[in-house]
1. Region 51-157: which trypsin sites (Lys or Arg not before Pro) are DSSP loop and have at most 15 other beta-carbon atoms within 10 angstrom?
2. Quick one: dipole size for the chain, taken about the Cα centre, charges +1 on Lys/Arg Cβ and -1 on Asp/Glu Cβ, in debye to the nearest 20.
3. Can you give me the convex hull volume of the Cα atoms of region 1-126, divided per residue and expressed in Å³?
4. Within the P(r) computed for region 33-102, what percentage of the Cα pairs occupies the region above 14 Å?
5. Distance between Cα centroids, region 51-74 to region 108-124: provide it in whole Å.
6. Sort Asp151, Asp2 by Cβ crowding within 10 Å, fewest neighbours at the top.
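A short reminder: the numbers here are calculations on the coordinates, not readings from a lab. In this text, all values refer to a predicted model and were calculated from it rather than measured experimentally. Please note: Cβ atoms are built from the backbone with ideal geometry, for glycine as well, and neighbour counts cover all protein chains shown.
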Amino acid sequence: MDISSRAEFAADPSTVHAMVTTKEYLDQVCRASGAQEYSTEVTGAVTKSSRTLPAPDNAKRFTGPTLTVVEQISWGEAGNDGARVGQLVLTVPGQPAGMKGTVTLAPGGRGTVVTLAGDLKVNIPLLGKKLEQAASPAILEGFGVQQRVGDEWLASH
């Protein structure tokens, strides 16, 4: 299932990239998403976060009361205008679900536009498409959390 979203930040691409590759920002996103447990790391151009979250009601019979989501973004080099593309891999350990895609950071909007484009897959015969549709709002909400935390982060730094 195709997933796409867009966020705008009131800062230039270099500043936004510095923010999204800062451990403290990643920690704030995890806390704001309601993670019961989390870990984050930044290694060079790669960010990784692992969050244990309450499972959506329609998924609990498959996942149990919680599920862990691991998000990794490998960022490319900046273009002349500061734009960057990150390769996104989202996994749910122990579950037949995941997403691959890109996160693009480019000048525009209030300063920088960040777009998410990915392909969500749940590999369960007969139920996969239905579960993908059920998971989509949670993924988009996670991207919305990054927008809110980012706006607060930029206002205070």
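1. Of the trypsin sites (Lys or Arg not before Pro), the ones in loops of region 51-157 whose Cβ has at most 15 other Cβ atoms within 10 Å are Arg110.
2. Using Cβ point charges on Lys, Arg, Asp and Glu, the chain gives about 500 debye.
3. Residue-normalised Cα hull volume stands at 111 Å³.
4. 65 percent
5. First find each Cα centre; the distance between them is then 19 Å.
6. Asp2, Asp151
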